[in-house]
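This report refers to the structure that appears directly beneath it.
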Amino acid sequence: MYSGPALYLNQERFPEFADVRTRKAFAHLLDRATIGQASLAESGVAVTNMVGFSDNFVDEWLTDDGKSKIDKYEQDADKATSLLEEAGWTKDGDAWKTPEGKAASYEVQFPQTYADWSAAGKEVAEEFAAFGISVTARGLDDKQAPIDLDKGAFEMAIEAWGSSAHPHPYFSFVQDLFVHNIPIAKNQGGKGYAFPLQDVETSAGTVDLEEVVTKSGEGLDVEDQKKNVSVAALAFNELLPIIPIFERYGNNPALEGVRVQGFPAEDDPILENAPYADNFVVLKMFRGEITPVEG
(Lines give C-alpha, C1' and ligand atoms only; values in the text may rest on other atoms or scores of the structure.)
Protein backbone atom coordinates (compact mmCIF):
# COMPACT_ATOMS: atom_id res chain seq x y z
CA MET A 1 0.00 0.00 0.00
CA TYR A 2 3.09 2.27 0.39
CA SER A 3 1.49 3.78 3.49
CA GLY A 4 0.29 2.89 6.96
CA PRO A 5 -0.06 4.24 10.49
CA ALA A 6 2.55 6.30 12.32
CA LEU A 7 2.84 7.67 15.83
CA TYR A 8 2.47 11.46 15.94
CA LEU A 9 3.65 13.41 19.00
CA ASN A 10 2.50 16.90 19.96
CA GLN A 11 5.89 18.60 19.98
CA GLU A 12 4.57 22.04 20.91
CA ARG A 13 2.49 21.01 23.90
CA PHE A 14 5.08 18.60 25.29
CA PRO A 15 8.67 19.89 25.20
CA GLU A 16 9.99 16.39 25.90
CA PHE A 17 8.61 15.28 22.52
CA ALA A 18 10.49 18.11 20.78
CA ASP A 19 13.76 16.46 21.89
CA VAL A 20 14.89 14.12 19.10
CA ARG A 21 16.37 11.75 21.68
CA THR A 22 12.87 11.11 23.03
CA ARG A 23 11.51 10.36 19.56
CA LYS A 24 14.42 8.03 18.86
CA ALA A 25 13.86 6.31 22.21
CA PHE A 26 10.20 5.73 21.32
CA ALA A 27 11.23 4.30 17.94
CA HIS A 28 13.49 1.80 19.71
CA LEU A 29 10.83 1.08 22.33
CA LEU A 30 7.96 0.16 20.01
CA ASP A 31 7.91 -3.33 18.53
CA ARG A 32 6.72 -2.43 15.05
CA ALA A 33 6.39 -6.05 13.92
CA THR A 34 4.13 -6.92 16.86
CA ILE A 35 1.98 -3.83 16.28
CA GLY A 36 1.61 -4.75 12.60
CA GLN A 37 0.71 -8.32 13.50
CA ALA A 38 -1.85 -7.19 16.07
CA SER A 39 -3.42 -4.88 13.51
CA LEU A 40 -3.43 -6.83 10.25
CA ALA A 41 -1.61 -10.15 10.81
CA GLU A 42 0.75 -10.80 7.89
CA SER A 43 -0.60 -7.75 6.05
CA GLY A 44 0.84 -5.35 8.65
CA VAL A 45 4.53 -5.32 7.68
CA ALA A 46 6.89 -3.48 10.02
CA VAL A 47 8.70 -0.46 8.58
CA THR A 48 12.43 -1.19 8.43
CA ASN A 49 14.25 1.82 7.00
CA MET A 50 12.35 4.69 8.64
CA VAL A 51 12.96 7.20 5.84
CA GLY A 52 9.41 8.51 5.41
CA PHE A 53 8.49 6.46 2.35
CA SER A 54 7.95 2.76 1.64
CA ASP A 55 10.78 0.27 2.11
CA ASN A 56 9.83 -0.97 -1.37
CA PHE A 57 11.29 2.23 -2.90
CA VAL A 58 14.53 2.54 -0.93
CA ASP A 59 16.73 0.70 -3.43
CA GLU A 60 15.30 2.76 -6.28
CA TRP A 61 15.73 6.19 -4.70
CA LEU A 62 18.71 6.01 -2.34
CA THR A 63 22.35 5.39 -3.20
CA ASP A 64 24.38 2.69 -1.45
CA ASP A 65 26.08 5.46 0.52
CA GLY A 66 22.72 6.87 1.57
CA LYS A 67 21.41 3.44 2.58
CA SER A 68 24.53 2.81 4.68
CA LYS A 69 23.69 5.85 6.83
CA ILE A 70 20.16 4.74 7.70
CA ASP A 71 19.38 3.91 11.33
CA LYS A 72 16.78 1.13 11.35
CA TYR A 73 15.77 1.75 14.97
CA GLU A 74 15.47 -1.92 15.82
CA GLN A 75 13.43 -2.74 18.91
CA ASP A 76 15.82 -2.33 21.85
CA ALA A 77 14.53 -1.47 25.33
CA ASP A 78 18.06 -0.83 26.65
CA LYS A 79 18.76 1.69 23.90
CA ALA A 80 15.39 3.34 24.54
CA THR A 81 16.27 3.62 28.21
CA SER A 82 19.69 5.10 27.48
CA LEU A 83 18.27 7.72 25.10
CA LEU A 84 15.56 8.79 27.54
CA GLU A 85 18.13 9.15 30.31
CA GLU A 86 20.30 11.26 27.98
CA ALA A 87 17.26 13.47 27.40
CA GLY A 88 16.80 13.96 31.15
CA TRP A 89 14.05 11.44 31.86
CA THR A 90 14.27 9.59 35.17
CA LYS A 91 12.64 6.55 36.75
CA ASP A 92 10.64 6.40 39.96
CA GLY A 93 10.46 2.66 40.62
CA ASP A 94 9.07 1.19 37.39
CA ALA A 95 7.52 4.46 36.19
CA TRP A 96 9.19 7.12 34.08
CA LYS A 97 9.23 10.83 34.83
CA THR A 98 9.72 13.54 32.20
CA PRO A 99 12.73 15.88 32.27
CA GLU A 100 10.49 18.34 34.13
CA GLY A 101 9.98 15.77 36.89
CA LYS A 102 6.34 15.04 36.02
CA ALA A 103 4.88 11.55 35.84
CA ALA A 104 5.03 10.46 32.19
CA SER A 105 1.36 10.01 31.38
CA TYR A 106 -0.27 10.57 27.97
CA GLU A 107 -3.22 9.70 25.77
CA VAL A 108 -2.92 8.23 22.28
CA GLN A 109 -5.91 8.89 20.03
CA PHE A 110 -6.85 7.12 16.83
CA PRO A 111 -9.79 6.86 14.40
CA GLN A 112 -12.05 4.37 16.14
CA THR A 113 -13.78 3.27 12.93
CA TYR A 114 -10.52 1.92 11.45
CA ALA A 115 -10.17 -1.53 12.98
CA ASP A 116 -6.48 -1.80 12.08
CA TRP A 117 -5.48 1.64 13.40
CA SER A 118 -7.58 1.07 16.53
CA ALA A 119 -5.64 -2.13 17.17
CA ALA A 120 -2.38 -0.28 16.51
CA GLY A 121 -3.28 2.46 18.99
CA LYS A 122 -4.19 -0.04 21.69
CA GLU A 123 -0.99 -2.05 21.16
CA VAL A 124 1.11 1.13 21.25
CA ALA A 125 -0.52 2.09 24.55
CA GLU A 126 0.17 -1.36 26.00
CA GLU A 127 3.82 -1.34 24.94
CA PHE A 128 4.40 2.09 26.47
CA ALA A 129 2.70 0.97 29.69
CA ALA A 130 4.85 -2.16 29.89
CA PHE A 131 7.92 0.08 29.57
CA GLY A 132 6.78 2.35 32.40
CA ILE A 133 5.14 5.22 30.49
CA SER A 134 1.41 5.44 31.15
CA VAL A 135 -0.49 5.81 27.87
CA THR A 136 -4.28 5.61 27.59
CA ALA A 137 -5.87 4.64 24.27
CA ARG A 138 -8.83 6.72 23.05
CA GLY A 139 -10.83 6.22 19.87
CA LEU A 140 -12.35 9.15 17.97
CA ASP A 141 -14.63 9.54 14.99
CA ASP A 142 -12.46 9.14 11.89
CA LYS A 143 -13.57 12.54 10.53
CA GLN A 144 -12.80 14.33 13.81
CA ALA A 145 -9.43 12.69 14.55
CA PRO A 146 -7.38 14.47 11.82
CA ILE A 147 -9.03 17.82 12.62
CA ASP A 148 -8.06 17.53 16.28
CA LEU A 149 -4.54 16.59 15.22
CA ASP A 150 -4.27 19.66 12.97
CA LYS A 151 -5.54 21.93 15.73
CA GLY A 152 -2.96 20.51 18.14
CA ALA A 153 -5.77 19.11 20.33
CA PHE A 154 -3.98 15.84 21.02
CA GLU A 155 -1.09 14.34 22.96
CA MET A 156 -0.15 11.28 20.91
CA ALA A 157 -2.01 10.13 17.81
CA ILE A 158 -2.10 7.37 15.23
CA GLU A 159 -2.32 8.90 11.77
CA ALA A 160 -1.03 8.14 8.27
CA TRP A 161 2.51 8.12 6.93
CA GLY A 162 3.37 7.59 3.26
CA SER A 163 1.13 7.72 0.20
CA SER A 164 -0.85 5.11 -1.71
CA ALA A 165 -1.83 7.67 -4.33
CA HIS A 166 1.51 7.94 -6.14
CA PRO A 167 4.80 6.00 -5.94
CA HIS A 168 7.09 9.06 -6.07
CA PRO A 169 8.56 9.76 -2.58
CA TYR A 170 7.53 13.42 -2.86
CA PHE A 171 3.92 12.47 -2.09
CA SER A 172 4.95 10.48 0.98
CA PHE A 173 7.03 13.39 2.29
CA VAL A 174 4.07 15.74 1.81
CA GLN A 175 1.90 13.43 3.92
CA ASP A 176 4.59 12.98 6.56
CA LEU A 177 5.83 16.55 6.86
CA PHE A 178 3.14 18.92 5.55
CA VAL A 179 -0.38 17.52 5.91
CA HIS A 180 -0.64 17.39 9.72
CA ASN A 181 2.18 19.82 10.36
CA ILE A 182 2.64 23.60 10.19
CA PRO A 183 2.30 24.12 6.39
CA ILE A 184 -1.21 22.63 6.05
CA ALA A 185 -2.50 22.28 9.63
CA LYS A 186 -2.74 26.07 9.75
CA ASN A 187 -5.91 25.69 7.66
CA GLN A 188 -7.53 24.31 10.83
CA GLY A 189 -6.03 27.10 12.93
CA GLY A 190 -3.24 25.02 14.47
CA LYS A 191 0.27 23.70 13.95
CA GLY A 192 -0.50 19.98 13.92
CA TYR A 193 2.35 18.09 15.51
CA ALA A 194 4.45 21.28 15.25
CA PHE A 195 7.75 20.13 13.78
CA PRO A 196 9.66 23.12 12.30
CA LEU A 197 10.82 22.53 8.72
CA GLN A 198 13.14 25.51 8.26
CA ASP A 199 16.75 25.64 9.54
CA VAL A 200 16.70 21.93 10.34
CA GLU A 201 20.02 20.65 11.67
CA THR A 202 21.14 17.35 10.11
CA SER A 203 24.44 15.51 9.70
CA ALA A 204 24.54 16.92 6.16
CA GLY A 205 24.20 20.50 7.46
CA THR A 206 21.31 22.90 7.92
CA VAL A 207 18.45 22.32 5.50
CA ASP A 208 15.03 23.74 4.70
CA LEU A 209 12.98 20.56 4.55
CA GLU A 210 9.98 22.26 2.99
CA GLU A 211 12.16 23.47 0.12
CA VAL A 212 13.99 20.14 -0.25
CA VAL A 213 10.73 18.18 -0.41
CA THR A 214 9.29 20.58 -2.98
CA LYS A 215 12.41 20.25 -5.14
CA SER A 216 12.33 16.46 -4.84
CA GLY A 217 9.26 16.39 -7.07
CA GLU A 218 10.26 19.07 -9.57
CA GLY A 219 11.50 18.67 -13.13
CA LEU A 220 12.27 15.61 -15.22
CA ASP A 221 15.86 14.92 -14.11
CA VAL A 222 15.51 11.80 -11.98
CA GLU A 223 19.09 11.96 -10.72
CA ASP A 224 18.54 15.51 -9.51
CA GLN A 225 15.33 14.39 -7.81
CA LYS A 226 17.21 11.54 -6.11
CA LYS A 227 19.65 14.00 -4.54
CA ASN A 228 16.80 15.89 -2.89
CA VAL A 229 14.95 12.68 -1.99
CA SER A 230 18.13 11.44 -0.30
CA VAL A 231 18.54 14.65 1.70
CA ALA A 232 14.91 14.50 2.87
CA ALA A 233 15.09 10.76 3.59
CA LEU A 234 18.23 10.99 5.72
CA ALA A 235 16.91 14.06 7.55
CA PHE A 236 13.69 12.18 8.28
CA ASN A 237 15.67 9.15 9.47
CA GLU A 238 17.86 11.24 11.78
CA LEU A 239 15.08 13.39 13.22
CA LEU A 240 11.97 11.17 13.12
CA PRO A 241 9.39 13.98 12.93
CA ILE A 242 6.84 11.15 13.12
CA ILE A 243 7.44 7.47 13.85
CA PRO A 244 6.22 5.14 11.06
CA ILE A 245 5.04 1.80 12.44
CA PHE A 246 4.02 -0.56 9.69
CA GLU A 247 3.06 -0.60 6.02
CA ARG A 248 -0.29 -2.02 5.06
CA TYR A 249 -0.35 -4.72 2.40
CA GLY A 250 -3.47 -5.69 0.49
CA ASN A 251 -5.69 -8.69 1.12
CA ASN A 252 -6.85 -9.56 -2.38
CA PRO A 253 -8.23 -13.11 -2.57
CA ALA A 254 -9.66 -14.52 -5.77
CA LEU A 255 -11.17 -17.92 -6.52
CA GLU A 256 -9.39 -18.45 -9.82
CA GLY A 257 -11.48 -20.69 -12.07
CA VAL A 258 -14.45 -20.53 -9.71
CA ARG A 259 -15.37 -16.84 -9.46
CA VAL A 260 -12.94 -15.24 -11.91
CA GLN A 261 -10.44 -16.15 -14.57
CA GLY A 262 -7.33 -14.25 -15.65
CA PHE A 263 -6.31 -13.09 -12.17
CA PRO A 264 -2.69 -11.82 -12.40
CA ALA A 265 0.16 -14.20 -11.61
CA GLU A 266 2.38 -13.51 -8.59
CA ASP A 267 5.16 -12.07 -10.79
CA ASP A 268 2.90 -9.72 -12.77
CA PRO A 269 4.25 -6.17 -12.21
CA ILE A 270 0.70 -4.78 -12.07
CA LEU A 271 0.49 -6.27 -8.55
CA GLU A 272 2.89 -3.51 -7.47
CA ASN A 273 -0.01 -1.06 -7.82
CA ALA A 274 -1.49 0.06 -4.50
CA PRO A 275 -4.86 -1.73 -4.14
CA TYR A 276 -6.64 1.45 -2.97
CA ALA A 277 -5.18 3.64 -5.73
CA ASP A 278 -4.65 2.19 -9.24
CA ASN A 279 -6.31 -1.07 -8.30
CA PHE A 280 -4.98 -3.89 -10.45
CA VAL A 281 -8.28 -5.79 -10.46
CA VAL A 282 -10.16 -2.79 -11.81
CA LEU A 283 -7.49 -2.14 -14.44
CA LYS A 284 -7.41 -5.79 -15.53
CA MET A 285 -11.20 -5.85 -15.78
CA PHE A 286 -11.12 -2.64 -17.82
CA ARG A 287 -8.66 -4.29 -20.20
CA GLY A 288 -10.82 -7.39 -20.45
CA GLU A 289 -8.09 -9.54 -18.87
CA ILE A 290 -10.02 -10.50 -15.74
CA THR A 291 -13.44 -11.94 -16.51
CA PRO A 292 -16.10 -13.88 -14.61
CA VAL A 293 -16.24 -17.63 -14.97
CA GLU A 294 -19.09 -18.41 -17.32
CA GLY A 295 -21.98 -20.48 -16.17
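Taking all protein chains together and rolling a 1.4 Å probe, Thr90 ends up with roughly 70 Å² accessible.
The GluC sites (Glu not before Pro) of region 231-281 that DSSP puts in a loop, and whose beta carbon has at most 15 other beta carbons within 10 Å, are Glu266. GNM on the chain, C-alpha springs below 10 Å: top fluctuator among Leu197, Leu271, Leu234? Maximum among the listed residues: Leu271.
Result for the chain in a Gaussian network model with C-alpha springs under 10 Å: among Arg21, Arg248, Arg13, the largest mean-square fluctuation is at Arg13. So I have [x] 1.06; [y] 0.97; [z] 0.91, and one of them is Cα Rg over 2.2 N^0.38 Å calculated from this model. Which one is it? Checked against the structure: label [x].
So how strong a dipole does the chain carry about its Cα centre when Lys and Arg Cβ are +1 and Asp and Glu Cβ are -1, to the nearest 20 debye?
700 debye
Within the listed set Ile245, Ile158, Ile147, the residue fluctuating most in the Gaussian network model of the chain (springs between alpha-carbon atoms under 10 angstrom) is Ile147.
Taking 25 Å as R0, compute the FRET efficiency from the Cβ-Cβ separation of Ala153 and Tyr276 and round it to 0.05.
Working: r = 28 Å, r/R0 = 1.11.
Calculated transfer efficiency: 0.35.
Local charge for Glu123 was computed over the other residues whose Cβ lies under 12 Å away, with Lys and Arg +1 and Asp and Glu -1, and equals -2. Using 0.36 nm per residue and subtracting the Cα-Cα separation, the extra length available between Ser82 and Leu255 on full extension is 57.1 nm. In nm, to one decimal, how far is the Lys143 label point from the Glu211 one, both placed 7 Å along Cα→Cβ? Placing both labels 7 Å beyond Cα along the Cβ direction yields 4.1 nm. Within straight-line reach of Lys24, meaning a Cα separation under 14 Å, sit the following aspartates and glutamates at least 8 residues removed in sequence or on another chain: Glu16, Asp71, Glu74, Asp76, Asp78, Glu85, Glu86, Glu238.
If each DSSP helix of 4+ residues adds -39,500 (n - 2.57) and the sum is divided by the residues in the chain, what number results at 222 nm, nearest 500 deg cm²/dmol? Before the final figure, lay out the partial values.
On the way: 12 runs with 105 residues, N = 295.
Theoretical 222 nm ellipticity from helices: -10000 deg cm²/dmol.
How large, in percent, is the carbon and sulfur part of the accessible surface of the chain at a probe radius of 1.4 Å? The C+S portion of the solvent-accessible surface of the chain is 49 percent. Counting other Cβ atoms within 10 Å, which trypsin sites (Lys or Arg not before Pro) in region 75-169 have at most 15 and lie in a DSSP loop? The qualifying sites are Lys102, Lys143.
For region 74-230, a crude dipole built from +1 on the beta carbon of Lys and Arg and -1 on the beta carbon of Asp and Glu, taken about the Cα centre, is about 420 debye to the nearest 20.
Potential lengthening of the chain between Glu107 and Gln198 amounts to 29.9 nm, from the contour at 0.36 nm per residue minus the alpha-carbon distance. Here the label points at Lys72 and Asp94, each 7 Å from Cα along the C-beta direction, are separated by 3.1 nm in the simple model.
List the GluC sites (Glu not before Pro) within region 60-106 that fall in a DSSP loop (any state other than H, G, I, E or B) and whose Cβ has at most 16 other Cβ atoms within 10 Å. Please list the in-between numbers first.
Working: sites: Glu60, Glu74, Glu85, Glu86, Glu100; in loops: Glu74, Glu100.
Here the GluC sites (Glu not before Pro) that fit, given the DSSP loop and packing criteria, are Glu74, Glu100.
Accessible area per residue for region 64-180 is 46 Å², calculated with a 1.4 Å probe on protein heavy atoms, without ligands, DNA or RNA. Within the shell of other residues whose beta carbon sits under 14 angstrom from the beta carbon of Asn252, the net charge comes to -3, with Lys and Arg scored +1 and Asp and Glu -1. The residue list Ala235, Gln261, Thr206 was ranked by how far each Cα lies along the charge dipole of region 194-269 toward its positive end, using unit charges on Cβ atoms, and Gln261 comes out on top. When only C-alpha pairs under 8 Å and at least 6 residues apart count, what is the relative contact order of the chain, in percent? 27 percent.
The values are calculated or read from the model by the stated rules, or taken from the named source; none is laboratory data. Because the structure is predicted, anything quoted here is derived from the model rather than measured. Please note: Cβ atoms are built from the backbone with ideal geometry, for glycine as well, and neighbour counts cover all protein chains shown. Areas reflect the complete protein model, heavy atoms only, side chains present, ligands, DNA and RNA absent. Shrake-Rupley method; radii C 1.70, N 1.55, O 1.52, S 1.80 Å.
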